[in-house]
Structure formats: C-alpha cells, structure tokens
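K.L.:
Take this structure first; my questions come after.
The values are calculated or read from the model by the stated rules, or taken from the named source; none is laboratory data. Owing to the predicted nature of the structure, the values given are computational and were not obtained by experimental measurement. Heads up, the Cβs are rebuilt from the backbone with ideal geometry, glycines too, and the neighbour counts pull from every protein chain shown.
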Amino acid sequence: MSTIIRTGIIGYGLSGRVFHAPFIDVVDGYELSKISTGNADRRKMIEGRYPVTAVVPDGKGIISDPEIDLVIVTSPNTQHFYWAREALLAGKHVVVEKPFTVTSAEADELIKIANREGLILTVYHNRRFTSDTKTVKKLLDSGLLGDVTDFESHFDRYRRDARPNGAWREQPLPGSGIFYDLGAHLIDQTLYFFGLPQAVTAEINSQRPWAEADDHFDVRLHYPTFTATLKSGMICRIPGPTYMVHGTNGSFVKYGLDVQEATLDGGAIPEGKDWGREPESIWGTINVEYEGVKIQGKIESEQGDYRDYFINLRDAIGGEAELAVKPQEARNVIRIIELAFQSSQEKKTISLENEF
C-alpha cells in the first residue's frame, strides 16, 4: 500500500453520501478512488461533487481493483457480510457501516478472516464522535456526577406514514427495522461508557399498523448497580432526552441531536475549526453538588467531529494508532441485539453470563 489510502465505497445511499464520501474526500491520507452505484441519479450526484472519482456499477468493480486499499461497505444490511468478506479475501482493509452484520456468527467469521489476513476491520459506530456522546463520556470519566444510579438514552423520530418508495429498512428482511438501525447506536454508546451488562430485558415491536418491521423498542441493559434504558420510536412528535444520567452527586440531561448529520445532508463540506460545534440552545443541563460546590445550569457541549474516526482509521492502517472501534466491540453489539430479540419474544430477562 502507498502512503495514500486508495478507497472505494460500495453504495451511495444516505450512508455513502453523507457519512463516508465527504470525509474520505477531505481527510489527509485518503484518496476517494471509486464509488459503486447502479442508480443513474446517484451517479450524476457523484460526478458532480467528486469529478475525479470513478463510478462503477457494483461492488465487484471496487473489490477486484488491485489499486484499492480500503473498502467501505454501505450496502443494505443483508449484504454487509457478503461484501465485507469478499473485500477481506481480496486483501483490502474494511469499514462496515453499522450494524456490523445481521448475526453474531457472521461477525465472528469476518473477524477471523481479518485476523488471519492481518487486515484492519472496523465498523462505523460514528456516534462515539458526536457532541453529546463526547460530553457524557467526559462527565462520566470526571466523576462529577458520582456513582451512576440511572441512565437513559433516546433516539426518537416522528414518521407516521410509510415512505412512498418502500425503504428497505421497513421491509421484513433480516437486519431491517429500527432496532438494528438505531438500537445499534444506543447499545454501542452504552457499552462504550459502561462495558458489557449482566442481562437484557427488551420489548421490540411495531406501533404503526402498516409496519412490517419493528419501529419501536424499549431495552434495558442491567448493570450491577443501575439499569441503562434505551428507547426509540417512530411516533414521537416530542423526542425524549438523547441522554439522561443520574448519579449520587446529581444529574445531567441533554436534548437535541448532534448537528453533523443534518449539516452533511445539506451538502456541507466537513472542514474548519468550528465543524461539529453545537449551538448553545441544545447544550445539556447539569445539577450537581461536588465536594461542597453546587453547580447548576447549561454546560458547553464537547465538539463533535466524525473526522476523528477517519483520522484514527488512517493511523491504525499505518500502524501508528490503536483502532478506536474494534470489531469485537461491534460484534458484541450484534450479540446483544440477538439476545434482546430473544428477550422480547420470550417476554423475560436474558442473562448475558457466558455470552462474551
């Protein structure tokens, strides 16, 4: 591999267009060499924004290219395992859009291949690099809130009616539904903060009468001294808190999503020192007493920056940094998803003992 990481992106839906191509284009050390799409309108979009990037009809045109060093898989969930496996077997480093795979067995196989071939394999758990997650992580590490007694995180939306073109995430396919989509985010964040839980209790269902895949979940991850509640729904006109953390010293509550996705979806280029900075209107609220000092009011959010994911990936490929999002961590998310579905179906708490 040259010092430039020549990169191909499989797929140019929301993920490829918003979360990957803009960063490969601007972060030093990468070259956006190829993007695959069979959609004529998306091809025009690529040619307009990335005129020197080759466009090929499918992932085979990327994986078979000996010049490509890194493959980013942004296909529908059912194809994650296939494209990632093909890329690894072709000697490419691989990034898989979350969720990693549809089953933990698939994840295990990909990890085994990557280890055998000496390749970097990682998953795009980008919400570790958002303002709200970075702020909560800093608060937890500081000890300011004391011992955590309760944790809750929401990723709520309001989308009452079916999309006219029938989005694949709403079809009854393996890996479809809101839990694989948004639940993967919330589980990864919780494991990032607290490590693996002891048990899971879940209710995963459909609230919209036409829905063919789950569109609501209420999942509890049980830790020795508190429970993490993870919730998401598609009929939430007023969203719940993105984070609510109670501790023995006080509480922190945060509403509003990280600004990066909306900014990127509007066509912005991720650059400049203020990229990812949240407006004061959505800073979180804290109320604590720490070592006799009472602290109450808004606290400035940490600056979110998805560029840090790609900087870390570049340095890990170059042997200069430890990978931030390890494949085993992403595999654990998938296993918890599987066990949560079991909990919901059997209507009981499932122990995670001997699962990891």
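K.L.:
V148 is checked against (1) among the aliphatic types (A, V, I, L, M); (2) more than 26 Å from T225 (Cα to Cα); (3) in the same structural domain as A213 (by TED's automatic domain parsing); (4) touching a helix residue (DSSP H, G or I) at 6+ places or on another chain (Cβ under 9 Å) and fails just one. What number does that condition carry?
P.N.:
(2)
K.L.:
Further, regarding this structure: Residues I9, I68, I62: which one is over 20 Å from V102 (Cβ atoms), in contact with a strand residue (DSSP E or B) (Cβ under 6 Å, 6 or more places away or on another chain), part of a helix (DSSP H, G or I) and among the β-branched types (V, I, T)?
P.N.:
One residue alone meets the criteria, I62.
K.L.:
What are the residues in the stretch 212-236 that are part of a loop (DSSP other than H, G, I, E, B), buried (at least 16 other Cβ atoms within 10 Å of the Cβ) and out of contact with any helix residue (DSSP H, G or I) (no Cβ under 7 Å at 6 or more places or on another chain), if any?
P.N.:
Within the stretch 212-236, F226, C236 qualify.
The rows are residues; the columns are (1) buried (at least 23 other Cβ atoms within 10 Å of the Cβ); (2) among the basic types (K, R); (3) in the same structural domain as L257 (by TED's automatic domain parsing); (4) out of contact with any strand residue (DSSP E or B) (no Cβ under 9 Å at 6 or more places or on another chain).
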residue	(1), (2), (3), (4)
F100	yes, no, no, no
A114	no, no, no, no
L119	no, no, no, no
D132	yes, no, yes, no
K138	no, yes, yes, yes
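K.L.:
Oh, and also: I'd like the residue in the stretch 71-86 that is among the aliphatic types (A, V, I, L, M) and in contact (Cβ under 8 Å) with a residue 40 or more places away in the chain and, out of all such residues, is nearest to L173 (Cα to Cα).
P.N.:
In this case the residue turns out to be V73.
K.L.:
Can you tell me which condition G175 does not meet? The list is (1) within 24 Å of K34 (Cβ to Cβ); (2) in contact with a helix residue (DSSP H, G or I) (Cβ under 6 Å, 6 or more places away or on another chain), and all the others hold.
P.N.:
(1)
K.L.:
Only one of these conditions is not met by T78: (1) out of contact with any Lys or Arg (no Cβ under 7 Å at 6 or more places or on another chain); (2) over 25 Å from S176 (Cβ atoms). Which number is it?
P.N.:
Tallying (1) out of contact with any Lys or Arg (no Cβ under 7 Å at 6 or more places or on another chain); (2) over 25 Å from S176 (Cβ atoms), T78 fails exactly one: (2).
K.L.:
While we're looking at this one, here's another question. Would it be correct to say that P57 is in contact with a Gly (Cβ under 8 Å, 6 or more places away or on another chain), over 22 Å from Y306 (Cβ atoms) and not acidic (D, E)?
P.N.:
yes
K.L.:
Can you name the helices (runs of 4 or more DSSP H) wholly within the stretch 253-356 that have at least 1 residues being touching a residue at least 24 places away in the same chain (Cβ under 8 Å), touching a His at 6+ places or on another chain (Cβ under 6 Å) and not assigned by TED's automatic domain parsing to the domain that holds A228?
P.N.:
Qualifying helices (runs of 4 or more DSSP H): 307-317.
K.L.:
Could you check the stretch 78-187 for strands (runs of 3 or more DSSP E) lying wholly inside it with 2 or more residues that are of a type in the set (D, E, K, R) and at pLDDT 95 or above?
P.N.:
Fully inside the stretch 78-187 and qualifying: 148-154.
K.L.:
Next question. Just wondering, is there one or more residues in the stretch 19-39 that are within 22 Å of V333 (Cα to Cα), out of contact with any Pro (no Cβ under 8 Å at 6 or more places or on another chain) and either modelled with pLDDT of 95 or more or part of a strand (DSSP E or B) (or both)?
P.N.:
Checking the stretch 19-39: at least one residue is within 22 Å of V333 (Cα to Cα), out of contact with any Pro (no Cβ under 8 Å at 6 or more places or on another chain) and either modelled with pLDDT of 95 or more or part of a strand (DSSP E or B) (or both).
K.L.:
Can you go through I24, I5, I46 and tell me which one is in contact with an Asp or Glu (Cβ under 6 Å, 6 or more places away or on another chain) and either crowded, with 18+ Cβ neighbours inside 10 Å or among the hydroxyl-bearing types (S, T, Y) (or both)?
P.N.:
So the residue among I24, I5, I46 that is in contact with an Asp or Glu (Cβ under 6 Å, 6 or more places away or on another chain) and either crowded, with 18+ Cβ neighbours inside 10 Å or among the hydroxyl-bearing types (S, T, Y) (or both) is I5.
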